[in-house]
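J.: One structure coming up, written as C-alpha cells, with questions to follow.
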Amino acid sequence: MIKNYIENANFEDTGFSYTLSLISGKHKMVILYCLMEYEVVRFNELKRYLKNISDKTLSTNLKELEADRLIIRTEYPQIPPKVEYRLSDRGKSLMVVLDQLCVWGEQNRLV
C-alpha cells in the first residue's frame, strides 16, 4: 500500500492525502475523539474539553467537519438556542483509524 503512494506521481490524488486533509489542524482530531467518547456534545462542552480554543476556531473546525460529513449538527428551535454535535456514520468509520494512531502512540512512546 505505501509503495503505491510513493510510486504515485501526484501525492494529492492519494487516499492518504485525502484523509490527512480531513483531519488536518490542531483541533479536529481532538474534536472527533471527544465526540466518540461522549457521543453527543454541545458547543460549550467542546470548548471546555479543548480548553485553549477560541469560539471562532472551534466554530470553523466544526463547520469544516460538518461540511466533510464527519459530524452531524442538530439545532433545536428554542430560546436560548441549543445545538448538539455527534459523529456521523462516516465519522465513526474514521475513528477506527484514529484509534489505531492512539494504540501505536501508546506502544511506541519514547520515555
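Each value in this text was obtained by applying a stated rule to the coordinates, not by laboratory testing. Everything numeric in this text was worked out from a predicted model, so none of it was measured.
J.: Near the amide H of residue 71, under 5 Å away, which other amide H atoms are found, from residues 5 or more places off or on another chain, if H is placed in the peptide plane?
T.: Residues meeting the amide H criterion: 66, 88.
J.: Also, quick follow-up: Helix 55-67 against the longest principal axis of the chain: what's the angle in degrees, Cα atoms only, rounded to the nearest 10?
T.: Long axis of 55-67 versus the principal axis of the chain: about 60 degrees.
J.: Excluding same-chain residues fewer than 8 positions from residue 51, which lysines have a Cα within less than 24 Å of its Cα?
T.: Within the straight-line limit of under 24 Å, residue 51 reaches these lysines: 26, 28, 63, 82, 92.
J.: Could you work out how far helix 28-38 tilts from the main Cα principal axis of the chain, as a 0 to 90 degree angle to the nearest 10?
T.: 60
J.: Take the alpha carbon gyration tensor of region 52-111, find the square roots of its eigenvalues, order them as a ≥ b ≥ c, and report rounded if a/c is under 1.5; if not, report prolate when a/b exceeds b/c, else oblate.
T.: On the way: a/c = 2.97, a/b = 1.92, b/c = 1.55.
The shape class here is prolate.
J.: If the viscosity is 1.306 mPa s and the temperature 10 °C, what Stokes-Einstein diffusion coefficient in µm²/s follows for the chain when Rh is the Kirkwood radius over Cα pairs? Walk me through the numbers on the way to the answer.
T.: Details: Rh = 15.5 Å.
Diffusion coefficient, whole number: 102 µm²/s.
J.: Turning to a different aspect of this structure: Give the Kirkwood hydrodynamic radius (Å, one decimal) of region 41-86, defined as one over the mean of 1/r across all pairs of different Cα atoms.
T.: Values: mean 1/r = 0.0903 Å⁻¹.
Computed over Cα pairs of region 41-86, the Kirkwood hydrodynamic radius comes out at 11.1 Å.
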